[in-house]
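Here is the structure we will look at.
The values are calculated or read from the model by the stated rules, or taken from the named source; none is laboratory data. Given the structure is predicted, the values throughout are model-derived calculations rather than measurements. As a convention, Cβ positions derive from the backbone with ideal geometry for all residues, glycine included, and neighbour counts pool all protein chains shown. Ligands, DNA and RNA are excluded from the accessible area calculation, which covers all protein heavy atoms including side chains. Shrake-Rupley method; radii C 1.70, N 1.55, O 1.52, S 1.80 Å.
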Amino acid sequence: RGKTARVINYEEFKKALEELAPKRFKDKSKEEAYEAICQLVAGKEPINVGVTKAKTVGAVERLTDTSKYTGSHKERFDESGKGKGKSGRENIVDTSGYVSAYKNAGTYDAKVKK
């Protein structure tokens, strides 16, 4: 793969398996080693090894406990403590032209035949 590429395609994956097979199965021929490594990876998906887990010690625990937030900060999280994203940070204004309690917004074109 290229130095800046983050993913590889299927052909590059097969080429990598061909290079790794003799190293993994040293006692077999190149073709037998390739078949053996193909059987190893058959039907499996990539896994994330060594993914960093969230820490909940010391100050991190206090910062992630949303029950301690007050004022506008507590509006940034839902009941489960998950962040709301942009809707929690900014007041998103509805510029559709309808008042907030109107139920049939966007149905005008369906009523009026041209």
* Asked: Out of segment 61-71, which residues are in contact with a helix residue (DSSP H, G or I) (Cβ under 9 Å, 6 or more places away or on another chain) and surrounded by fewer than 13 Cβ atoms within 10 Å (Cβ to Cβ)?
  -> Arg62, Ser67, Lys68
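For segment 1-31, name all the residues that are of a type in the set (Ser, Thr, Tyr) and open to solvent by 90 Å² or more (accessible area, probe 1.4 Å).
Thr4, Tyr10
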